[in-house]
1. From the list Asp88, Asp109, pick out the single residue that is at pLDDT 95 or above, surrounded by 15 or more Cβ atoms within 10 Å (Cβ to Cβ) and of a type in the set (Asp, Glu).
2. For Glu294, which of the numbered conditions (1) among the acidic types (Asp, Glu); (2) in contact with a helix residue (DSSP H, G or I) (Cβ under 8 Å, 6 or more places away or on another chain); (3) farther than 19 Å from Ala250 by Cβ fails to hold?
3. Filter region 205-240 for residues that are surrounded by fewer than 22 Cβ atoms within 10 Å (Cβ to Cβ), in contact (Cβ under 8 Å) with a residue 60 or more places away in the chain and over 23 Å from the mean Cα position of the chain (by Cα) and give the result.
4. Would you confirm whether any residue within region 50-59 is charged (D, E, K, R), under 22 Å from Cys9 (Cα atoms) and crowded, with 17+ Cβ neighbours inside 10 Å?
5. Determine whether Val273 is within 19 Å of Ser210 (Cβ to Cβ) and of a type in the set (Val, Ile, Thr).
6. Could you please find all residues in region 13-41 being surrounded by 21 or more Cβ atoms within 10 Å (Cβ to Cβ), part of a loop (DSSP other than H, G, I, E, B) and among the hydrophobic types (A, V, I, L, M, F, W, C)?
7. Scan region 306-326 residue by residue and report those that are surrounded by 15 or more Cβ atoms within 10 Å (Cβ to Cβ) and either under 19 Å from Pro229 (Cα atoms) or at pLDDT below 95 (or both).
8. Output the residue which, of all residues in region 170-198 that are in contact with a Pro (Cβ under 7 Å, 6 or more places away or on another chain), surrounded by 19 or more Cβ atoms within 10 Å (Cβ to Cβ) and among the charged types (D, E, K, R), is nearest to Leu78 (Cα to Cα).
Amino acid sequence: MSAPSHKRCVQALNEGLHEVFAERDDVYLLGEDVLDPYGGAFKVTQGLSDAFPDRVLTTPISEGGLFGVAAGMSLRGLRPILEIMFGDFIALGLDQVVNGISKFREMYDDQVTVPLVVRTPMGGRRGYGPTHSQSLEKLLLGIPNICVVAASECHDLGGLLANAVDDDRPVFFIENKLMYGRPNRRPEEGHIGELAVRETGTRYPALTFSGTDFTEASATIVTYGGMVPIVLDAVTELILERELFCEVVALSQLLPMELEPVFESVARTGALVTVEEGTLTGGFGAEITARVQEEAWSDLRRPVQRVAARDGIIPSARPLEDAMLPSAGDVVEAVVALEAVRS
């Protein structure tokens, strides 16, 4: 892992891409409007086409076609990175994923791999409206043989991206839109601010935050991606206003689910809150809840609380969008509700 940095997340991702391209000549980038000087809608790919003009390919607006071309490239031994401009548009390529990309390795008896990375921004809070603001990760969580990675501002973004490129599985690399302009706040000497942080040694690490140095806490909050800073704000409010301490598990690998940090934390706290920006029904939180009930039910001493977006479309008007999406206040309320059950 490289040294801690406080550069903006978009810079960390951009530098990670440049490093990967410099180190490997089998990496290609495909996407809409990725050529310089524009450098992509969110500027993550800026400078790549000038530095590596033969390996950065601007494409037509045809997400289904892009998934197919990228899959073919990966089957021939290349490692394409496909940028989908808005995460909402992955739906246009899901037939390729569900009926091809995720199946090729098993269908052909492990004689081929599909080392394809799909990078895409997800999430709202920018007023982009119903079709450019969704968090659709849950649509991917039921597809076997792919990997879903959700970066957060507290993770080593360049390291995550390099690991995704090295992965022989198809990887969806989810980037929250608000994250781009925020600082990449990685742990320094085991802390971020006043919170102690533990990091797993896996390819796509989970971070566990604690305000009590991993002693007694009121609840475990499991989240990922763009909700991580919102949850950390809620945890700070709970400490300062209510003297309630929580542990936060920020996953980066959503599929396959590696939940040991969650089980370990729940064993200490006895309570679970899940937080996601996607809609509530059938989501990430529902799956986490079911897994904890199966594997660690004896550790749970109170009902699970789930925090998510309301089931509906995301409005364009910012006040209505704010009302639709989960907030730090919603997280605080969920933890307070658990405390009410205990008392």
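The values are calculated or read from the model by the stated rules, or taken from the named source; none is laboratory data. Everything quoted here is computed from the prediction, not taken from an experiment. Neighbour counts are summed over all protein chains in view; Cβ atoms, including those assigned to glycine, are modelled from backbone coordinates with ideal geometry.
1. Working: Asp109 fails: surrounded by 15 or more Cβ atoms within 10 Å (Cβ to Cβ).
Result of the check over Asp88, Asp109: Asp88.
2. Answer for Glu294: the failing condition is (2).
3. Once the filter is applied, which keeps residues that are surrounded by fewer than 22 Cβ atoms within 10 Å (Cβ to Cβ), in contact (Cβ under 8 Å) with a residue 60 or more places away in the chain and over 23 Å from the mean Cα position of the chain (by Cα), region 205-240 yields only Glu237.
4. The first filter runs over region 50-59 and keeps only residues charged (D, E, K, R), leaving 50, 54-55.
Then drop every residue that is not under 22 Å from Cys9 (Cα atoms), which leaves 50.
Filter again for crowded, with 17+ Cβ neighbours inside 10 Å, leaving none.
Among the residues of region 50-59, not one is charged (D, E, K, R), under 22 Å from Cys9 (Cα atoms) and crowded, with 17+ Cβ neighbours inside 10 Å, which makes the answer no.
5. On the way: within 19 Å of Ser210 (Cβ to Cβ): yes; of a type in the set (Val, Ile, Thr): yes.
In short, yes.
6. Val34
7. Selection gives Arg306, Val307, Ala308, Ala309, Glu321, Met324, Leu325, Pro326.
8. Glu175
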